[in-house]
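J.: Attaching a single structure in structure tokens format; questions to follow.
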Amino acid sequence: MTLNLETALWGLVLLDSIVYNGFAWTNGGNWYARTFPRMARQFPVARGFGMFYLVLVGWLGCVLYRLPTE
């Protein structure tokens, strides 16, 4: 996989999904709810969504890897 704009953006999204899962599976959700209470009510941290997000980003990485490049 060559480094281009799509790969760099995918790397940022992968980092975001890893951080989200870190919050969801540890006590980071409590910190999030205390620090951003208004946002936490609208966008709660959920483990199921975190796993779905991580699998979706992994699938997208596989698709980008198989994408033919010139």
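The values are calculated or read from the model by the stated rules, or taken from the named source; none is laboratory data. Quick caveat: nothing in here was measured; it's all calculated off a predicted structure. Because the Cβ atoms are built from the backbone with ideal geometry, glycine has one as well, and the counts that use them run over all protein chains shown.
J.: Would you point out which residue out of VAL57, VAL45 is at pLDDT 95 or above and in contact with a Phe, Trp or Tyr (Cβ under 9 Å, 6 or more places away or on another chain)?
T.: It is VAL57.
J.: While we're on this one: Give the number of residues within segment 32-46 that are surrounded by 12 or more Cβ atoms within 10 Å (Cβ to Cβ) and either part of a helix (DSSP H, G or I) or not small (Gly, Ala, Ser) (or both).
T.: Here the count works out to 6.
J.: Identify all residues within segment 5-19 that are surrounded by fewer than 11 Cβ atoms within 10 Å (Cβ to Cβ) and within 15 Å of TYR65 (Cβ to Cβ); write none if there are none.
T.: Matches in segment 5-19: ALA8 only.
J.: From the set of residues in segment 47-70 that are loosely packed, with under 14 Cβ neighbours inside 10 Å and among the β-branched types (Val, Ile, Thr), which is farthest from THR7 (Cα to Cα)?
T.: VAL55
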